[in-house]
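What follows is one structure encoded as structure tokens, with my remarks underneath.
Each reported figure results from applying straightforward, stated rules to the coordinates on display, with no laboratory input. Note that the structure is predicted; figures quoted are calculated from it, not measured. All Cβ positions, even for glycine, are placed from backbone atoms using ideal geometry, and neighbour counts span all protein chains on display.
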Amino acid sequence: MEKTNKLAVLIDADNAQPSIIDALLAEIAKYGTASVKRIYGDWTLPQLKGWKEVLLTHSIQPIQQFGYMTGKNATDSAMIIDAMDLLYTGNFDGFCIVSSDSDFTKLAARIRESGLTVYGFGEKKTPVPFVSACDKFIYTEVLRAEEESEEGGETRAPIKRLSSAELKRDRKLIRLLRDAVDAASDESGWAHLGAMGNYIAKQSPEFDPRNYGYKKLGELVKATGLFDIEEQMTHRGAKAIYVRNKKRR
């Protein structure tokens, strides 16, 4: 039986929106089981009212943290202390930190030093150091767009699907994809799509094909028009996708 990773989910209520909660928990379920779900904030403040309405539904434990001093973020401190306490229990395989605040950069790095996986969730305004400190970082704009798309909402434009020409102009993206093919390819130049994905995850924690309007990595690679793509059936009847840089032909 395949082992399911146990995850600790810590949410900074001051730097996250309750509208993403369904999509957030669905995304987290892809990586493991949310064994602990805690959210931190000063629940006496009216701006957190939206969160109060979803906590019971999703069995998220609210942690009260008063702001003791002006200009000091007591919520961040409480999250960091709890995260370290949970880390020392040795009961978890990974942490999900939901915030757009750079104050959690060192925490993410410390957890990774202990050999655990860190998944970050935040808005595109999240500072680069925090993004880079995570094993994987998912932008919540993508989650919000998916949530509203499923509900048929029109309050926010969906993530725009970039055309082939637009993708080709993104030099960072194309370089990342080409490097992934080169790193994962055999002598013939063909690379398994799964191996490409593993390489990209290590090089760019924030990479997500949904940021470009595509649900899967294979769809994004194909849309660039810069790679040969071949599908093969394995001996178990599963479909395997291989990619080759067209410039190698």
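Tabulated results
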quantity	calculated
Rg/Rh for the range 78-122, where both radii come from Cα atoms and Rh is the Kirkwood radius	0.92
Cα-based Rg / Dmax (Å) for the chain	20.0, 64
Kirkwood-based Rg to Rh ratio, the range 6-151, C-alpha trace	0.93
Theoretical ellipticity at 222 nm over the chain - DSSP helices of four or more residues, -39500 (n - 2.57) apiece, nearest 500	-11500 deg cm²/dmol
Pairwise centroid distance, computed over Cα atoms, of the range 74-95 with the range 1-59, Å	15
Nonlocal amide H pairs with I138, under 5 Å, H built at 1.01 Å	G120, F121, G122
Size-normalised alpha-carbon gyration radius of the range 93-233, reference 2.2 N^0.38 Å	1.14
Along principal axes, Cα extents of the range 164-248, largest first, whole Å	37, 26, 24
Residues V128, V98, sorted so that the one with the fewest Cβ neighbours within 10 Å comes first	V128, V98
